[in-house]
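A quick write-up on the structure given underneath.
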Amino acid sequence: MKYDFDTVIDRRGTCSLKWDVAENELPMWVADMDFRTAPEITAALEKRAQHGIFGYTVIPDEWYSAYIGWWKSRHGFEIKREWLVFCTGVVPAISSAVRKLTTPGENVLVQTPVYNIFFNSIRNNGRNILESPLVYENGAYRVDFADLEEKLANPQTSLMLLCNPQNPGGVIWDRETLARIGELCRKHSVVVLSDEIHCDLTEPGAEYVPFASVSEDCRMNSVTCIAPTKAFNIAGLQTAAVYAADPTLRHRMNRALNTDEVAEPNAFAITAAVAAFTEGGAWLDELRAYIAEGRRMTADFFAEKLPEVRLVKSQATYLLWLDCSDITDNSRELAEFIRHKTGLYLSAGGVYRGNGAQFLRLNIACPHSVLMDGLERLRQGIYAYMLG
């Protein structure tokens with residue numbers, strides 16, 4: 001490989017949310033990779049830093065071209081220039097959308113288990129969380145369309161937050177599923193906000209489907225959040241975008257982001273995004289292959305040494321969803337026990353709602369040597385827990 005993903009980098013003492021833990025602990029929870037970003041991005045940032053003046057920054061043509069070119073070449077979908085609006089992050093965009101596209105007391109629908117910060121964006125703004133639980137069978141998730149339509153038909157439901165690809169399950173929703181969601185949301189006048197931040201982190205050979213690419217219903221009744229931050233490990237640079245084909249939705253989102261003061265870039269946000277989408281492709285391809293190998297290593301480990309834990313079928317993200325239902329229905333208690341016993345820090349699945357209380361979430365975006373350390377700690381913790 002041209003790029004190095006095997007070197008273990010000490011992140012302690014860098015004000016890292018993930019690594020602000022005790023000395024003996026191994027954090028494999030939050031969606032933050034332990035790899036340096038693409039060297040092409042670092043070089044672009046160093047060049048920008050050398051200029052030495054970091055004043056107010058505007059959005060140049062290169063930023064629009066970078067997003068448009070990446071989505072057309074990597075995902076086969078053409079985003080129009082006028083659809084795009086800069087924002088400082090996907091989560092701020094979601095919160096802005098909840099405030100602008102709904103009113104207090106209305107329902108915002110989510111398909112659980114799902115990214116837990118969705119719940120914060122809804123609840124903190126005085127809206128109701130309306131869950132449509134995904135169906136879990138044979139180790140995989142699917143949409144319960146009967147339940148989904150019933151809840152979309154509720155006149156108090158005005159917005160649906162879609163996670164595409166899905167976090168924490170790693171599901172790549174197929175075109176037919178997305179088309180049906182788009183059709184039902186249009187039928188019941190519910191706007192879709194599609195969070196596609198994990199879209200570039202798919203298995204080699206697997207491709208996600210942009211929600212807006214599926215149909216007219218999907219395209220004209222949705223807002224999509226996208227960013228280079230997850231794929232290139234640059235979340236701290238606060239750089240993202242939203243796009244909407246419908247001019248009214250786009251205007252409302254533009255006003256929402258500007259009103260909330262999350263529509264202006266810092267001095268490095270544009271440079272990083274442009275470098276990622278114009279020069280980072282080769283690095284990303286090697287990263288995806290490395291993560292895929294980590295997923296295979298994990299599956300082999302469970303089969304050979306920890307058969308009590310089942311790995312949910314997934315083709316996206318670097319977050320593995322671990323079915324611990326044969327061990328417990330209280331994954332919070334299990335996660336706390338494992339952390340206390342072994343130092344391994346995982347995410348307890350209950351925070352994602354749905355059937356998450358029977359699951360743990362494991363972040364494998366780290367050198368393989370670290371991954372194997374984490375898996376061995378997991379094995380030791382699980383068996384100690386089972387012995388009581």
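For residue 345, the residues whose amide H sits under 5 Å from its own are 26, 28, ignoring neighbours fewer than 5 places away on the same chain, with H placed 1.01 Å from N. In the elastic network of the chain, a GNM with C-alpha springs shorter than 10 Å, the most mobile of 334, 161, 101 is 101.
In this view, the solvent-accessible surface of residue 249, computed with a 1.4 Å probe and all protein chains in place, comes to about 10 Å².
Shape of the stretch 118-233 from the C-alpha gyration tensor: rounded (a/c under 1.5, with a ≥ b ≥ c the square roots of its eigenvalues).
Calculated mean residue ellipticity at 222 nm for the chain: -12500 deg cm²/dmol, from DSSP H runs with n ≥ 4 weighted as -39500 (n - 2.57), summed, divided by the residue count and rounded to 500. Comparing 52, 139, 170 in a Gaussian network model of the chain where C-alpha atoms under 10 Å apart are linked, the largest mean-square fluctuation is found at 52. Remark: spin-label model distance residue 296-residue 340 equals 3.9 nm, labels positioned 7 Å along the Cα→Cβ axis. Sorting 145, 232 on solvent-accessible area from highest to lowest, probe radius 1.4 Å, gives 145, 232.
Model label points for residue 3 and residue 17, set 7 angstrom from Cα along the Cα-to-Cβ axis, are 2.2 nm apart. Distant-in-sequence amide contacts of residue 106, defined by a placed amide H-H separation under 5 Å and a gap of 5 or more residues or a different chain, comprise 128. Within the chain, helices built from complete DSSP H runs that reach 30 Å or longer along their own axis (Cα positions) and carry a mean Kyte-Doolittle hydropathy of -0.5 or higher are 281-305. Straightening the chain between residue 65 and residue 42 buys 6.3 nm, computed as 0.36 nm per residue apart minus the Cα-Cα spacing. Apolar share of the accessible surface for the chain: 49 percent from carbon plus sulfur atoms, 1.4 Å probe. Among 285, 20, the sequence by solvent-accessible area, most first, with a 1.4 Å probe is 20, 285. Computed with a 1.4 Å probe on the full set of protein chains, the accessible area for residue 63 sits at about 0 Å².
The values are calculated or read from the model by the stated rules, or taken from the named source; none is laboratory data. Everything numeric here is computed off the predicted structure, so don't read it as measured data. With ideal geometry, Cβ positions are generated from the backbone for all residues, glycine too; neighbour counts draw on all protein chains shown. These area figures cover heavy atoms from the full protein model, side chains too; ligands, DNA and RNA do not enter into them. Shrake-Rupley method; radii C 1.70, N 1.55, O 1.52, S 1.80 Å.
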